[in-house]
Amino acid sequence: MTHACFEPKDLAGYYPRGGRELLGPFHRWQPRDTIAWFTARGVELKTEPDGRVFPTSDDSATIVDCLLHAAAAAGVKVHPGIGLKRAERDATFQVELTSGATTTCDRLLLATGGGRSSAGFTIAEGLGHTIEPLVPSLFTIHIDDPRIQGLAGLAAPDATAAVRGTRFSARGPLLITHQGVSGPAILKLSSWAARELAAEGYRFPLHVNWAGERTAAQVAAVLTDARRAHPRRQLATWNPVGLPARLWERLVAAAGIVPETVWTSLSNAAIQALAARLTATVFAVAGKSMNKEEFVTCGGIRLAEVDFKAMESRRCPGLHLAGEILDIDGLTGGFNFQAAWTTGWIAGKAMAAARPSE
């Protein structure tokens, strides 16, 4: 439900889109404030080693129940099953609901999420806003390549994935799946390069360095040391770069080396070929994951049209905007939740401060 990153500048760095705009808001409401808010209302939380924060119950209903109880205590009226159909702005907002009822209000908050079916985008456009194109973010990649066929479930603990010929790259564990590759490195890459990969139709050359960020020369030095330290061992039975054995065998074979070769008989030329394969494997990407596997949508209301001090529209006074309806998306790990908590809190405070006196 958030991430234990308490330095606003560092926190903003986890957002491929919206990080610069969120820097100021994070100084007002950040994960430490979110944690304190829920804790004060009886929600016990835990922090995983990677920084993700969960309720100790491991049940999302714990968070939902807390929000509903807090809303009820504040006198909020909740109308489940009723959506917003249309909103127009004159002296006040004239709002039509999906139930057929109409109402008016001085302030309106759109926090309808970022899914492609969100009616919030249509309503925001009608109130003068520009919607940045909606494309998937945080998705897995399809690859049909014999070098990884049959290896589903294996993971390289430290790899760098990059879109060849661009500035986009990401480092982390890389998981081989039945359809291609996934894992933190791929999810981060797909997030940062979401718009560019969509423009390419999800067909592009993927460059994988199975040795993290080490160069071919550095890996060659590691392989040379291995030849010296374990001359009688077969390449197939031991590797010095920490890769799963079956993946290592495939990469050895792809470098033109028989896996049963003993280290002492490995020539310098073969070491150079293997180092090149370990640091520069190129795959032809043939698509992305199905929609049901996507976590986040890139795109939404153009950020230049929003005043982040009050999360208020610059195009329509009295209209406030929060959450993924904005062109904001973060990496996986609780960051999208935190952007929602922060923008929602700021919008709510601003709306309350603008409330006419009784």
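The values are calculated or read from the model by the stated rules, or taken from the named source; none is laboratory data. Computed from a predicted model, the values in this text were never measured in an experiment. All Cβ positions, even for glycine, are placed from backbone atoms using ideal geometry, and neighbour counts span all protein chains on display.
So which residues in segment 97-142 are among the small types (Gly, Ala, Ser) and free of Cβ contacts under 8 Å to residues at least 40 places away in the same chain?
Hits for segment 97-142 are 99, 100, 101, 117, 119.
Might you let me know whether segment 201-219 holds any residue that is farther than 21 Å from residue 275 by Cα and assigned to a helix (DSSP H, G or I)?
Scanning segment 201-219, I find no residue that is farther than 21 Å from residue 275 by Cα and assigned to a helix (DSSP H, G or I), so the answer is no.
Among the numbered criteria (1) buried (at least 16 other Cβ atoms within 10 Å of the Cβ); (2) farther than 21 Å from residue 260 by Cβ; (3) out of contact with any strand residue (DSSP E or B) (no Cβ under 9 Å at 6 or more places or on another chain); (4) among the hydrophobic types (A, V, I, L, M, F, W, C), which one does residue 226 miss?
(2)
Quick grid of which residues meet (1) touching a strand residue (DSSP E or B) at 6+ places or on another chain (Cβ under 6 Å); (2) surrounded by fewer than 18 Cβ atoms within 10 Å (Cβ to Cβ); (3) in a loop (DSSP other than H, G, I, E, B):
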site	(1), (2), (3)
104	yes, yes, no
113	no, yes, yes
123	yes, no, no
129	yes, no, yes
133	yes, yes, no
139	yes, no, yes
145	yes, yes, yes
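If you scan segment 223-262, which residues turn out to be under 16 Å from residue 277 (Cα atoms), in a helix (DSSP H, G or I) and in contact (Cβ under 8 Å) with a residue 40 or more places away in the chain?
Matches in segment 223-262: 223, 224, 246, 247, 250, 251, 254.
So if I check each of 70, 91, which one is outside any strand (DSSP E or B) and surrounded by 13 or more Cβ atoms within 10 Å (Cβ to Cβ)? Before the answer, list the steps.
Values: 91 fails: surrounded by 13 or more Cβ atoms within 10 Å (Cβ to Cβ).
It is 70.
Kindly evaluate residue 276 against the criterion of being surrounded by fewer than 16 Cβ atoms within 10 Å (Cβ to Cβ) and either in the same structural domain as residue 212 (by TED's automatic domain parsing) or at negative phi (or both). It would help to see each step written out before you state the result.
Details: surrounded by fewer than 16 Cβ atoms within 10 Å (Cβ to Cβ): yes; either in the same structural domain as residue 212 (by TED's automatic domain parsing) or at negative phi (or both): yes.
Yes: the conditions hold for residue 276.
Is there a residue being in a loop (DSSP other than H, G, I, E, B), closer than 22 Å to residue 320 by Cβ, in contact with a strand residue (DSSP E or B) (Cβ under 6 Å, 6 or more places away or on another chain) and not aliphatic (A, V, I, L, M) anywhere in segment 158-172?
no
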